[in-house]
């Protein structure tokens with residue numbers, strides 16, 4: 001049945017039939033679990049989905065001059081026009097090495113620039129790559145750490161991150177503002193002409209701040225729209241030499257349609273190519289396949305004289321000599337596009353402990369502009385009796401290429417079976433692959449029986465697709481409706497189907513039951529999500545960490561027993577022994593937070609203050625060791641003789657320390673007090689005399 005709603009939307013209650021996909025404004029009712037999914041906009045909680053704040057000193061928002069205006073958007077100049085424009089920012093004119101290249105596949109983001117090695121140490125001079133002005137500066141304990149932005153006359157901006165110290169007048173300006181605001185964590189924006197720089201001027205010293213895993217300079221080039229551009233796209237740098245072609249590690253073929261098979265099976269099949277970068281790689285055996293399939297690849301590149309593995313810049317695929325797919329990672333929109341790396345790779349396979357493999361097709365919901373394909377979007381339709389010669393060309397930014405060749409042969413997807421005496425009794429399990437429910441049954445019967453899907457009083461019989469060593473596979477397209485349970489002969493009870501509703505991408509959705517409510521923005525999920533939630537003994541489960549989130553999901557938990565100490569209670573994500581603070585916004589008896597990771601959550605109360613001890617004092621200043629048992633640090637402040645003294649926080653070794661470069665703070669003599677608080681409001685006060 002269908003009811004019209006305002007703004008042309010509709011409300012649809014789906015029936016359990018094998019029908020085309022219901023409209024994207026579907027509401028699926030499940031009486032047995034008393035859950036509902038509403039697409040009515042007036043009921044949505046349109047709240048900002050921000051990540052949990054990092055440890056800070058109650059820093060204010062970034063300051064931008066009232067008269068400052070962002071640079072007008074410009075078209076990125078052709079590659080040849082900027083050849084030689086940028087100076088290499090570390091040891092210019094001398095041989096150097098990269099620790100990472102642009103576009104590498106990182107957790108939740110594409111790597112946005114070059115990681116330049118600094119001989120394993122910090123405080124190496126960092127040179128301005130071209131003339132311009134310092135347009136932005138930020139001092140932080142997380143992310144980019146200490147970072148500086150230089151805007152150039154052509155509209156491009158270079159970014160210098162993980163710095164140890166800033167140099168010149170801008171460093172003095174930052175220190176002055178920090179004392180005005182009494183905060184270390186601060187971001188400032190400047191107008192043209194305030195802090196001009198010349199090409200080759202020393203603007204900072206390299207470091208290991210923020211999320212850096214070791215000393216290096218992270219260097220980016222961005223356009224006026226904050227697109228991160230490949231700094232090597234303009235012919236590379238003489239300081240970095242690369243004559244090494246990429247290396248193929250693994251290739252995979254995966255069914256993408258319900259009639260898809262690879263080697264007769266509805267599962268991803270991996271193949272190890274043989275060869276070398278110099279000669280190229282091949283997959284030795286012809287691969288039988290049917291239906292629509294997709295290709296995946298794991299590969300890496302190296303620079304001269306370096307052993308660390310870097311990413312590829314370009315992959316081109318032809319089938320029987322005709323173009324099928326191409327991607328070039330030369331520019332990524334920041335930050336909106338960068339997180340789509342989780343849809344560019346096979347995220348579930350990666351999070352399940354497997355390899356990081358790039359999908360060589362454009363999946364549903366992937367809007368990255370890096371691809372060039374035809375109508376098939378890189379998916380390959382394999383027909384019986386046909387042969388498909390596939391050639392991949394793997395390339396790096398210096399033009400080194402490696403071919404990889406493989407052959408697929410089209411076969412019919414007929415039922416087949418093999419038996420195994422190892423199966424002693426029937427067992428049933430299932431998983432969801434995109435829109436396909438795959439049910440796996442270990443069965444002792446000589447002929448595999450049908451599987452029954454149940455929905456209220458309706459039933460649907462499924463024949464097995466194939467039986468492999470007494471393990472029968474049944475396939476069903478969930479776009480025809482979700483079952484309540486599954487029943488198999490030989491099993492006493494029907495097994496409940498735990499996916500409660502289908503959450504389509506592209507529109508706002510609200511899911512709610514007696515334990516929680518979830519607000520999905522149009523960009524929370526990449527593609528249709530078949531949602532599973534649960535609550536038991538104070539543990540809320542929302543999907544699983546193997547499913548990626550694009551934009552934050554807004555979650556409200558409804559504890560069945562009132563929480564007494566709400567001021568010090570918050571939601572924590574539980575991952576093994578780790579408990580990660582998520583948020584503590586209470587409204588009555590419910591608590592809300594935003595997350596970009598599915599998983600399991602608990603409401604915990606933190607009553608223990610943070611810890612702090614002075615571990616060093618002397619001519620170089622003060623060093624404190626700090627920590628917290630649960631919620632994490634929220635703020636810190638040091639006063640000497642009643643005056644605020646700037647502290648720097650390094651989360652990687654849990655220390656707070658003063659710096660000798662601080663010329664504005666009070667002398668480190670006399671009575672002093674360190675106050676630190678955690679995110680639950682617990683405070684530790686350390687008093688001492690210098």
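Brief remarks on what is shown
- Sites residue 615 and residue 213 - FRET efficiency at Förster radius 22 Å, r taken between beta-carbons, to 0.05: 0.40
- Long-range Cα-Cα pairs in segment 247-410 (distance over 30 Å), rounded percent: 12
- The chain: equivalent-ellipsoid semi-axes (sqrt of 5 x gyration tensor eigenvalues, Cα, Å): 48, 36, 22
- Whole-Å semi-axes of segment 79-234's equivalent ellipsoid (Cα gyration tensor): 22, 19, 15
- Packing, as the average of other Cβ atoms within 10 Å across residues, places the peptides 168-177, 640-649 in the order 640-649, 168-177, highest first.
- Protection proxy ranking for 455-468, 214-227, 257-270, using the average of other Cβ atoms within 10 Å per residue and placing the highest first: 214-227, 257-270, 455-468.
- At full extension, residue 424 and residue 641 could sit 70.3 nm farther apart than now, given 0.36 nm per residue minus the alpha carbon distance.
- Helix axis angle, 169-181 relative to the chain longest principal axis, alpha carbon, degrees: 80
- Mean residue ellipticity at 222 nm, helices only, the chain: -1000 deg cm²/dmol; runs of at least 4 DSSP H residues each add -39,500 (n - 2.57), and the sum is divided by the number of residues.
- Estimated FRET transfer efficiency (residue 182, residue 306; beta-carbon r; R0 41 Å; 0.05): 0.40
- Placing a pseudo-label 7 Å from each Cα along the Cα-to-Cβ vector at residue 271 and residue 226 gives an inter-label distance of 4.3 nm.
- Relative contact order [Cα under 8 Å, 6+ residues apart], segment 247-410, whole percent: 27
- Segment 427-496 shape via C-alpha gyration tensor axes, a/c threshold 1.5: oblate
- Its residue count N fixes a reference of 2.2 N^0.38 Å for segment 590-690, and the Cα radius of gyration divided by that reference is 1.27.
- Treating r as the C-beta distance of residue 409 and residue 322 and R0 as 22 Å, the FRET efficiency rounds to 0.80.
- Added length on full extension, which subtracts the Cα-Cα distance from 0.36 nm per residue, residue 452 to residue 279: 57.0 nm
- Label zone of residue 577 (point 7 Å out along Cα→Cβ, amide N under 17 Å): in segment 617-646 this covers 628-631.
- Remark: the residue 539-residue 119 segment gains 146.5 nm on full extension, using 0.36 nm per residue and subtracting the alpha carbon distance.
- Report note on the peptides 556-565, 436-445: ranked by the mean count of other C-beta atoms within 10 Å, highest first, their order is 436-445, 556-565.
Quick note: the coordinates plus some simple rules give every number you see, no bench work behind them. These numbers were taken from a predicted model, which means no experiment stands behind them. Quick reminder, even Gly has a Cβ in these numbers, built from the backbone with ideal geometry, and neighbours come from all protein chains shown.
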